[in-house]
Amino acid sequence: MNWIYNPWPWYVSGPLIALVLFVLLMIGKRFGMSSNLRTMCTICGAGKASGFFRFDWKAQRWNLIVAFGVVIGGFIANTFLSTDTAVQLNPEVVADLQSKGFESAGQAYMPDSLFSNDALTDPKVLILLIVGGFLVGFGARYAGGCTSGHAISGLSDLQLPSLIAVFGFFIGGLLMVHLLFPLIF
């Protein structure tokens, strides 16, 4: 079982992702996680308020099952298949993050100062999480899909808009980390 506890190499996980996308392409389906939000809103009756939500959501049930599987799989992996949650970071990066107030840098995937239960009592953290969530949601809808949808599925379909979106994601990430992040923290 030790093989499952470690990250899988690219030459195993990459072809598995390619195989899944090839099968989806052959059966005429498109993968993307952000489209599930539209489907869930439609199920809850949002079609009464906006024409955007008026579509046959039953045709997207398979994608909801994929999203549910991701949640369940993440829970199983975190609870039962994670032995060491420390992240291997460059010592300079750890020192830089710790100087910005992230004491748990290099010890966990998510910084405690933003994602622990105690962090939810800090108004600044709550505002950052809520505003960030809305911006990510708006950006995913405006871009016609999320990062996984464009970078994995869209590029596999050789879609030019997905290539442009992926460039935008990287540029936005670089601007955030190097310009905005130091101003916020």
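The values are calculated or read from the model by the stated rules, or taken from the named source; none is laboratory data. This is a predicted model, so every value here is computed, not measured. With ideal geometry, Cβ positions are generated from the backbone for all residues, glycine too; neighbour counts draw on all protein chains shown. With ligands, DNA and RNA removed, areas are computed over all heavy atoms of the protein, side chains included. Shrake-Rupley method; radii C 1.70, N 1.55, O 1.52, S 1.80 Å.
Summary table below
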read-out: Per-residue SASA entry for Thr83, accessible area with 1.4 Å probe, Å² rounded to 10; value: 110
read-out: Among [x] 58, 43, 39; [y] 68, 43, 31; [z] 50, 44, 33, the entry derived from the coordinates for Cα extents along the principal axes in Å; value: [z]
read-out: The chain - percent of accessible surface contributed by carbon and sulfur, probe 1.4 Å; value: 71
read-out: Accessible area, probe 1.4 Å, largest first, for residues Arg61, Arg38; value: Arg61, Arg38
read-out: Accessible area per residue in Å² at 1.4 Å probe, computed on the chain; value: 73
read-out: Charge dipole (debye, nearest 20) of the range 1-147; +1 at Cβ of Lys and Arg, -1 at Cβ of Asp and Glu; value: 1080
read-out: Leading residue at positive end of dipole, the range 15-135 (Cβ point charges), from Leu128, Ala108, Leu25; value: Leu25
read-out: Cβ-defined net charge surrounding Asp118, 14 Å radius [Lys, Arg +1; Asp, Glu -1]; value: -2
read-out: C-alpha long axis of helix 160-175 to longest principal axis of the chain, angle in °; value: 20
read-out: Helix-only [θ]222 nm of the chain, DSSP H runs n ≥ 4, -39500 (n - 2.57) each, per residue, nearest 500; value: -17000 deg cm²/dmol
read-out: Length-normalised contact order of the range 1-126 in % [C-alpha pairs under 8 Å, at least 6 apart]; value: 14
